[in-house]
Amino acid sequence: MTKETVDIRKEEIINSCEKLYATNSFRDITIKSIGEETSFSRTSIYNYFQTKEEIFLALMKREYERWIEDLNKMHDENAEMSKEVFADKLANTVVKRKNLLKLLSMNMYDIEENSRMEELIEFKKAYGKAIKTVRKCVSKFFTNLSEKEKDEFVYLFFPLMYGIYPYAEVTEKQKQAMETADVPFMYLSIYEITYNGILKLLN
């Protein structure tokens, strides 16, 4: 089997996983259900991925790669930016990555633990490139920041991303429980949380 065929099959499996994830929880999705969405047999999936966690890891890798494309476009198409414009543009790139935010809000330990080392390394390469690309953008548009301040922005911004989805995408059940428990809560969108978070970090 050629590398091109392998890549096409992997992409089909990832697309099937993404389609199911739009309407099902991670817990409810299985190798079998993913296989039923592909054009080849379920057992063939094991030629490309050994666990469903590896498929989700590959989906996350693709999300990071697509985000990196948007970040590079933001970097290349702008000569300078104010803090507000930078926060707006960066927040909009994050809004487009709702699947990534949803995946980050899950238990990453289990996903990574149940993936082969080679798959995990490929994922980490994409994750690392995303970190470097965000830092590249910060370095270009905020030359007044010290190297330490640029690092601090990056290593506070990425943990922030893990908490965006649970705060922005609250279910009716969660809303009802918080209201009954008298828990104060401000409902903000993915954009609002990200935009405000970026401005706080830059200030």
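Applying the selection to the stretch 100-118, what residues are assigned to a helix (DSSP H, G or I) and of a type outside the set (Val, Ile, Thr)? Those that are assigned to a helix (DSSP H, G or I) and of a type outside the set (Val, Ile, Thr): 100, 101, 102, 103, 104, 108, 109, 110, 112, 113, 117, 118. Could you check how many residues of the stretch 150-203 are more than 23 Å from residue 92 (Cα to Cα) and acidic (Asp, Glu)? Summing the residues that are more than 23 Å from residue 92 (Cα to Cα) and acidic (Asp, Glu) in the stretch 150-203 gives 3. Residues in the stretch 20-34 that are assigned to a helix (DSSP H, G or I) and closer than 22 Å to residue 100 by Cα: 20, 21, 31, 33, 34.
Conditions tested, residue by residue: (1) of a type in the set (S, T, N, Q); (2) in contact (Cβ under 8 Å) with a residue 12 or more places away in the chain; (3) more than 22 Å from residue 20 (Cβ to Cβ); (4) exposed (fewer than 15 other Cβ atoms within 10 Å of the Cβ).
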site	(1), (2), (3), (4)
107	yes, no, no, yes
110	no, yes, no, yes
115	yes, yes, no, no
130	no, yes, yes, no
133	yes, yes, yes, no
146	yes, no, yes, yes
161	no, yes, yes, no
179	no, no, yes, yes
187	no, yes, yes, yes
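Based on what the data block shows, is residue 49 in a loop (DSSP other than H, G, I, E, B) and either out of contact with any Pro (no Cβ under 8 Å at 6 or more places or on another chain) or among the acidic types (Asp, Glu) (or both)? Spelling it out, residue 49 is indeed in a loop (DSSP other than H, G, I, E, B) and either out of contact with any Pro (no Cβ under 8 Å at 6 or more places or on another chain) or among the acidic types (Asp, Glu) (or both). Criterion applied to 160, 199, 156 was being under 15 Å from the mean Cα position of the chain (by Cα), in a helix (DSSP H, G or I) and either among the aliphatic types (A, V, I, L, M) or more than 17 Å from residue 104 (Cβ to Cβ) (or both), and the one residue passing it is 160.
Which residue, of 83, 10, is more than 22 Å from the chain's Cα centre (by Cα) and touching a residue at least 24 places away in the same chain (Cβ under 8 Å)?
The match here is 83.
Criterion first (of a type in the set (Asp, Glu), modelled with pLDDT of 95 or more, buried (at least 19 other Cβ atoms within 10 Å of the Cβ) and in contact with an Asp or Glu (Cβ under 7 Å, 6 or more places away or on another chain)) does residue 54 satisfy it? In short, yes.
Inside the stretch 119-153, can you point out the residues that are of a type in the set (A, V, I, L, M, F, W, C) and either at pLDDT below 95 or not in a loop (DSSP other than H, G, I, E, B) (or both)?
120, 121, 123, 126, 130, 131, 134, 137, 138, 141, 153, listed by residue number.
The values are calculated or read from the model by the stated rules, or taken from the named source; none is laboratory data. As the structure is a computational prediction, the values presented were derived from the model and not from experiment. Note: ideal-geometry Cβ built from the backbone for every residue, glycine included; neighbour counts use all protein chains shown.
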